[in-house]
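> If you scroll down you'll find the structure; I have some questions about it.
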Amino acid sequence: MVNFQQRLEQYAALAVEVGVNVQPGQTLCIISTIGAAPLVREVAKQAYKIGAKYVHVDWSDENIIRTRSELASEEGLSYYPAWHAQGRVDMAKEGAAFLWVVAENPDLLKGIDASRIALTSKAQQTALQPFRHFTLNNKVAWSIVAYPSAEWANKVFPDLEEQERIDALWEAIFAATRVDAPNPVETWKEHANTLRDKAQWLTERKFKELRYRAPGTDLTIGLPEGNLWASAGKHNSEGNLFIPNMPTEEVFTSPHREKVNGTVSSSKPLNYNGNLIENFSLTFKDGRIVDFQAEKAYETLRELVETDDGSHYLGEIALVPHHSPISNTDLIFYNTLFDENAACHLAIGFAFPFCLEGGLAMSKEQLKDKGLNDSLTHVDFMIGRSDLDIDGVTDDGNVVAIFRNGNWAI
């Protein structure tokens, strides 16, 4: 690959300077699988270059994750070390930034009983709930970037020669994250401003509900009073700008948990806990999922929906045009970080307090009273397609076209 090392360094610099925006004297915590070590090392180098006080790497090994899922007792699967969860909280309290580097194997846990996977997932989600308070409320800077594993590349590019697959996935990642732009940092700032303007327009309209129509989808989603639309850029408690996902193409908000009615169908596979859920649909009544279907991995979908009471409700609605740069690659990435930025999507699980006026100052009970959902989990699934129409309805009953044929109509 041409200029690979230079592009890798630029990618790492973007993650550090734009993604989490590391400040001099700050700690950076990198959470990664060992397969992504080359990128992690480069990220650490870039962080120290700009004055990071300390870079901590929280490693995991997917082979050991698979082994544990196969062999551990149910008691063992339900265990998550308290010291590990507390370590994340301690770093967050000290003002650390957090960067996840994902190098997924979409079929990592294929063949493992869904109930065993659910035990591990729920234990982790429960233990890390205090730490999630810091990320969910933007108290710390955090971001997610990707690294191509061989298994992931094989899934995305099965028709290429084996030695070409990793290179092809790298090219797709570099393109999606604007690494090759003449000035990537400025390009990201301009992109964030464009998304911010879309979010501001939607907030100003004060829609009370959105109506989705497409083959297999007929869904109405009510919005809470005082809802706010958000986009790429966030500010942490120190006022520093960060970009939570790289890439990102979405504007999003949180729905009213009890005002979702109808059926929605997926448009892309969902990689959840190492299993691919394909061609699935969800039916809602008064906000709650009352029925669901899936052609593949139904039990995995069931475990997701039944994680807790809150996982029966939506926590996010996100708008992404069908002609987004990632969508225009015509690739299915089998990775939520990329696929969610190629299509409109919804999320099962917890909502975002910052998507409600005054929400960051509210208690959980107050947020629930306003209509926001809470859950241990938050899982995005893709519903956007070329024939999706979305209308917004204002308080006075005016219907405004937001999307037509999968793209912005505003």
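> Could you figure out which of (1) closer than 20 Å to D107 by Cα; (2) aromatic (F, W, Y); (3) crowded, with 20+ Cβ neighbours inside 10 Å isn't true of F350?
Result: F350 passes all but (1).
> Kindly provide the set of residues from region 348-364 that are assigned to a loop (DSSP other than H, G, I, E, B) and without any contact (Cβ under 8 Å) to a residue 60 or more places away in the chain, ordered by number. Write out each step before concluding.
Taking region 348-364 and keeping what is assigned to a loop (DSSP other than H, G, I, E, B), we get 350-352, 357-358, 362-363.
Result: M362, S363.
> List, please: which pairs have Cβ atoms under 6 Å, are six or more places apart or on different chains, and start with a residue in region 336-347 that is closer than 18 Å to Y212 by Cα and end with one that is part of a helix (DSSP H, G or I)?
Close Cβ pairs satisfying both conditions: A342/S327.
> Filter region 365-389 for residues that are without any contact (Cβ under 8 Å) to a residue 40 or more places away in the chain and out of contact with any helix residue (DSSP H, G or I) (no Cβ under 9 Å at 6 or more places or on another chain); which is nearest to N236 (Cα to Cα)?
Pass one, region 365-389, residues without any contact (Cβ under 8 Å) to a residue 40 or more places away in the chain: 365-367, 369.
Within this subset, residues satisfying the condition of being out of contact with any helix residue (DSSP H, G or I) (no Cβ under 9 Å at 6 or more places or on another chain) are 365, 369.
Working: E365: 23, D369: 26 Å.
Filtering first and then ranking leaves E365.
> In region 320-375, which residues are farther than 18 Å from P255 by Cβ and charged (D, E, K, R)?
Correct list: D330, D339, E365.
> Does region 4-18 hold any residues that are hydrophobic (A, V, I, L, M, F, W, C) and surrounded by 17 or more Cβ atoms within 10 Å (Cβ to Cβ), and which are they?
As a first pass, look at region 4-18 and keep what is hydrophobic (A, V, I, L, M, F, W, C): 4, 8, 12-16, 18.
The answer is L8, A12, A13, L14, A15, V16, V18.
> Identify, from the list K370, K364, the residue that is of a type in the set (D, E, K, R), buried (at least 20 other Cβ atoms within 10 Å of the Cβ), more than 20 Å from the chain's Cα centre (by Cα) and in the same structural domain as Q200 (by TED's automatic domain parsing). It would help to see each step written out before you state the result.
On the way: K364 fails: buried (at least 20 other Cβ atoms within 10 Å of the Cβ).
After ruling out the rest, the residue left standing is K370.
> Given the conditions (1) more than 20 Å from Y272 (Cβ to Cβ); (2) basic (K, R); (3) buried (at least 18 other Cβ atoms within 10 Å of the Cβ), and given that K139 satisfies all but one, which numbered condition is not satisfied?
Result: K139 passes all but (3).
> Another question, then. Could you list all residues from region 1-32 that are farther than 20 Å from M91 by Cβ, among the aliphatic types (A, V, I, L, M), in contact (Cβ under 8 Å) with a residue 24 or more places away in the chain and out of contact with any Asp or Glu (no Cβ under 8 Å at 6 or more places or on another chain)?
Of everything in region 1-32, those that are farther than 20 Å from M91 by Cβ, among the aliphatic types (A, V, I, L, M), in contact (Cβ under 8 Å) with a residue 24 or more places away in the chain and out of contact with any Asp or Glu (no Cβ under 8 Å at 6 or more places or on another chain) turn out to be A13, L14, V18.
> Considering region 230-282 alone, what residues qualify as being touching a residue at least 24 places away in the same chain (Cβ under 8 Å) and at positive phi?
Those that are touching a residue at least 24 places away in the same chain (Cβ under 8 Å) and at positive phi: G262, N273, G274.
> Quick one: is R385 modelled with pLDDT of 95 or more and either under 22 Å from P247 (Cβ atoms) or among the small types (G, A, S) (or both)?
On the way: modelled with pLDDT of 95 or more: yes; either under 22 Å from P247 (Cβ atoms) or among the small types (G, A, S) (or both): yes.
Spelling it out, R385 is indeed modelled with pLDDT of 95 or more and either under 22 Å from P247 (Cβ atoms) or among the small types (G, A, S) (or both).
> Same structure again: Given the criteria under 18 Å from I144 (Cα atoms), surrounded by 15 or more Cβ atoms within 10 Å (Cβ to Cβ), touching a strand residue (DSSP E or B) at 6+ places or on another chain (Cβ under 7 Å) and in contact (Cβ under 8 Å) with a residue 24 or more places away in the chain, does G35 qualify? Don't jump to the end; show me each part of the working.
Numbers: under 18 Å from I144 (Cα atoms): yes; surrounded by 15 or more Cβ atoms within 10 Å (Cβ to Cβ): yes; touching a strand residue (DSSP E or B) at 6+ places or on another chain (Cβ under 7 Å): no; in contact (Cβ under 8 Å) with a residue 24 or more places away in the chain: yes.
Taking the combined requirement at face value, the residue does not satisfy it.
> Confirm whether A343 is among the hydrophobic types (A, V, I, L, M, F, W, C) and touching a Lys or Arg at 6+ places or on another chain (Cβ under 7 Å). Quick ask: steps written out before the conclusion?
Values: among the hydrophobic types (A, V, I, L, M, F, W, C): yes; touching a Lys or Arg at 6+ places or on another chain (Cβ under 7 Å): yes.
So A343 fits the description; yes.
> Here is a follow-up. Of the numbered conditions (1) surrounded by 14 or more Cβ atoms within 10 Å (Cβ to Cβ); (2) not in a helix (DSSP H, G or I), E225 satisfies every one except a single condition; which is it?
Checking E225 against (1) surrounded by 14 or more Cβ atoms within 10 Å (Cβ to Cβ); (2) not in a helix (DSSP H, G or I), the one that fails is (1).
> For L270, which of the numbered conditions (1) touching a strand residue (DSSP E or B) at 6+ places or on another chain (Cβ under 8 Å); (2) surrounded by fewer than 23 Cβ atoms within 10 Å (Cβ to Cβ) fails to hold?
(2)
> Related question: Considering only residues that are crowded, with 16+ Cβ neighbours inside 10 Å and closer than 21 Å to S149 by Cα, which ones fall in region 38-56?
Those that are crowded, with 16+ Cβ neighbours inside 10 Å and closer than 21 Å to S149 by Cα: L39, V40, E42, V43, A44.
> Right, here's the next one. Name the single residue, out of those in region 325-347 being aliphatic (A, V, I, L, M) and touching a Gly at 6+ places or on another chain (Cβ under 8 Å), that is surrounded by the fewest Cβ atoms within 10 Å (Cβ to Cβ). Please lay out each step first, then the result.
Keep residues of region 325-347 that are aliphatic (A, V, I, L, M), which gives 326, 331-332, 337, 342-343, 346-347.
Among the residues that remain, those that are also touching a Gly at 6+ places or on another chain (Cβ under 8 Å) are: 342-343, 347.
On the way: A342: 28, A343: 28, A347: 24.
Only one residue tops the list, namely A347.
The values are calculated or read from the model by the stated rules, or taken from the named source; none is laboratory data. Just so we're clear, the structure is a prediction, and the values are computed from it rather than from any experiment. When we count neighbours, we look across all protein chains shown, and the Cβ atoms used for this are built from the backbone with ideal geometry, even at glycine.
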